[in-house]
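Step one of this worksheet: look at the structure below.
None of the figures in this text is laboratory data; all of them are computed from the coordinates on show. Keep in mind the model is a prediction, meaning the values are calculated, not measured. Heads up, the Cβs are rebuilt from the backbone with ideal geometry, glycines too, and the neighbour counts pull from every protein chain shown.
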């Protein structure tokens, strides 16, 4: 009798261990796919973006090209579609070695592919980007320190340079606080998923 | 009709502010609105006569004997928004009117070319407000672009305090050296909607015309899909490029050129009361997205599993001993 009960306990124990292993495999696969998806997308976007260097100097002011976003900061950010998903540009953080595509609208399926715009526009200096804490996405952002360089490039090839200014830990309900007061914000979950780590940046 | 009145009001305001002659308006004699008048155009660069330049004049508004303008039927549909009261605002208005003329294919009240002296006299005009458009002309290796202007006939002679019905102007111009045949430029158009809170009033799309020396060169549709903008590449240099749009109902238009970009700004005229805001889709308290992976159950499951296995082994061993 005890023998049988012992076997039963061992079986339950093994099932639990297998579940842990299964969940780990799922997480690792998800993370790996996210890396592949975003690397593919950023490659395509980089081919399409023609980076605009500083204002070209013309002798004749009438032939100067003024970026559209300066003429109309309220304009929608231009998008490029890849596999039915609209992207608004790329994000580079040289100090942690990431270069990622940014999806225009956030959703849970989109977050599994790449970081997403959660709010705002770079043209209005209020954009907030959300991403999973995958290693290839935003896990490392908590290691950023003040002054680190962050670069966003839009689909028109305009480059926006930022410096990390502050890090904040916010509860999941702090929507208002997350979306106000900073030029540029990146956020992801802490490892337990209970808080959001926000990296606040100032435009240079 | 309401539009015409508004336009008239805007113009009048500008003209009163602009024309020094208007200050002595009240003391001067009445205007004869039917008097045969003329416009002399002197087109010269220093001593150089710019001959062969074609100018066309269009009657924008008739003038009454009291000096009030009445917008002609043709121009009454033009719903312009002018900001400021300086030369720049006038240039803007003239340029926007020019696009309107091309778009509608209006027939000029008179036209002609400057003679060997660089002079053109257009006679037989009625008193009124005129738009004067010059086509580019090439002289001695340079192309000259006359600036489109708005001219009032008659003008007040300040010394004699009488109205002068034979007006003479010297158009402003810019010039560029004649170019190799394969010189190209880029022009862009960008639409700005100035209608915050009333976005639903916007038309789905807008047609924009690009004119080359007054003739339609291209027509494009601007809409949300192309982000309300368009770029023309490889346009031949040495021509006059200009845009106009199909004026959306209920909006005024303002066209400016910023660098190589034509900015067409449409502002809503009489906002209706805003629609009731939609109730939020999610009645729950909004939360920031969950951006963490489900890692915490892994050690918990694994630990519990180990405990169960250990307990099972212990049980089985205990069973053998007894």
* Report the percentage of all Cα-Cα pairs in segment A:2-203 whose separation exceeds 32 Å, rounded to a whole percent. => 26
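Below 8 Å between Cα atoms, with a sequence gap of 6+, how large is the relative contact order for chain A in percent?
Reported relative contact order: 18 percent.
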* To do: Calculate, for residue B:170 and residue B:142, the FRET efficiency according to 1/(1 + (r/R0)^6) with r their C-beta to C-beta distance and R0 22 Å; round to the nearest 0.05.
  => 0.80
* **R0 of 22 Å, Cβ-Cβ distance residue B:311-residue A:24: FRET efficiency to nearest 0.05** => 0.40
* Angle, helix A:2-48 long axis vs. longest principal axis of chain A, Cα atoms, 0 to 90°, nearest 10? -> 10
* **Cα-projected label distance for residue B:34 with residue B:161, points at 7 Å along beta-carbon direction, nm** => 2.8
* **Antiparallel content of DSSP bridges confined to segment A:50-204, in %, to 5** => 90
* Asked: Roughly speaking, what is the centre-to-centre gap between segment A:109-151 and segment A:153-204 when only Cα atoms are used, to the nearest Å?
  -> 6
* Using R₀ = 45 Å, calculate the FRET efficiency as 1/(1 + (r/R₀)^6) where r is the Cβ-Cβ separation of residue B:77 and residue A:46; round to 0.05. => 0.40
* To do: Work out, step by step, the length gained on full extension between residue A:33 and residue A:3: first 0.36 nm times the residue separation, then minus their alpha carbon distance; give nm to one decimal.
  => 6.3 nm
* Asked: Quick one: if you stick a label point 7 Å off each Cα along the C-beta vector at residue A:65 and residue B:88, how many nm between them?
  -> 2.4
* Asked: Expressed as a whole number of Å, what is the distance separating the alpha-carbon centroids of segment B:159-198 and segment B:225-241?
  -> 17
* Structure fact -> Cα-based Debye curve of segment B:184-268 sampled at q = 0.24 Å⁻¹ gives log₁₀ I(q)/I(0) of -1.23
* Length released on extending from residue A:11 to residue A:204, taking residue separation times 0.36 nm less the Cα-Cα span -> 63.5 nm
* Return one quarter of the surface area of the convex hull spanned by the alpha-carbon atoms of the protein assembly as shown, equal to its mean projected area, in nm². => 34.3
* **Of A:150, A:164, A:50, the one that fluctuates the most in a GNM where chain A has Cα springs shorter than 10 Å** => A:50
